[in-house]
Structure formats: structure tokens, C-alpha cells
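All remarks here apply to the structure that follows.
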């Protein structure tokens, strides 16, 4: 295995890993079941103690 092939493999696998992580976070953020939780968190700074 040459340096060029190892570097290409690392770049490709890293790209796929980060695209997968982004997709997982985006799905979590836009999942309909989480809407109420995020709405409550958005209004939290506006509530009085």
C-alpha cells in the first residue's frame, strides 16, 4: 500500500464518516417527535424564575 492510496482511503472514509454524522444530527434535529423539546428549550431564556 502506497502513501497515495492510504491517503485516498483515509480521505474517503473520513468524508463518509462526517457526512453520516451530519445526516444523523440533522435527522435528530428535524425529527417530529423532538419538536416539543426544542420548542421548550427555545423559550427557556424568556421565562422568569
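Worth a mention:
- Residues within segment 1-12 that are assigned to a helix (DSSP H, G or I) and loosely packed, with under 10 Cβ neighbours inside 10 Å, tallied: 3
- Of all residue pairs spaced 6 or more apart or on separate chains, those with beta-carbon atoms under 9 Å, a first member in segment 1-22 that is at pLDDT below 95 and a second member that is assigned to a helix (DSSP H, G or I) are 1/9.
- Residue 27 vs. criteria exposed (fewer than 10 other Cβ atoms within 10 Å of the Cβ), out of contact with any helix residue (DSSP H, G or I) (no Cβ under 9 Å at 6 or more places or on another chain) and part of a helix (DSSP H, G or I): no
The values are calculated or read from the model by the stated rules, or taken from the named source; none is laboratory data. Everything numeric here is computed off the predicted structure, so don't read it as measured data. Positions of Cβ are generated from backbone atoms using ideal geometry, with glycine treated the same way; all protein chains shown enter the neighbour counts.
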